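Here the structure is laid out as structure tokens; the discussion comes afterwards.
Nothing in this text is a laboratory measurement; each read-out follows from the coordinates by a stated rule. The structure displayed is predicted, hence computed values, not measured ones. A quick note on method: Cβ atoms are made from the backbone with ideal geometry, for glycine too, and the neighbour counts reach across all protein chains shown.
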């Protein structure tokens, strides 16, 4: 997948994501989170690995906060409730398995609208 083909999509105020690549059993995206932004608690059937590239954020997993900084990696199991509070401008690479078909569908919709 060519990254120029994949649009930035806002998933919460101050938080946007762009698909990096996807295959039959995996999906990877880049997320940019502005300081002070929040992603409400949610869950999904995919397993997720969050790798913080820069910045600092608080990942709240099943009500337990975990402060993550550049270089930190966190695994989230399937259907694990989690949310984010961003401490500093932060970049995260998220990998999901199976793929986020919902995000891929939103990418396609945005490309058609563009």
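Taking each DSSP H run with n ≥ 4 as -39500 (n - 2.57) and averaging over every residue of the chain yields -3500 deg cm²/dmol at 222 nm. By the count of other C-beta atoms within 10 Å, a proxy for reagent exposure, 76, 104 are ordered fewest to most as 104, 76. Label sites at residue 12 and residue 67, each approximated as a point 7 angstrom past Cα along Cα to Cβ, lie 1.9 nm apart.
What FRET efficiency, computed as 1/(1 + (r/R0)^6) with R0 = 30 Å and r the Cβ-Cβ distance, is obtained for residue 88 and residue 44, rounded to the nearest 0.05?
Approximately 0.75, to the nearest 0.05.
May I ask for the angle, rounded to the nearest 10°, between helix 101-113 and the longest principal axis of the chain, with both axes built from Cα atoms and the value confined to 0 to 90°? Compared with the principal axis, the helix lies near 50 degrees. Return 25, 78 ranked ascending by Cβ neighbour count within 10 Å, so the fewest neighbours appear first. The most exposed by this proxy come first: 25, 78.
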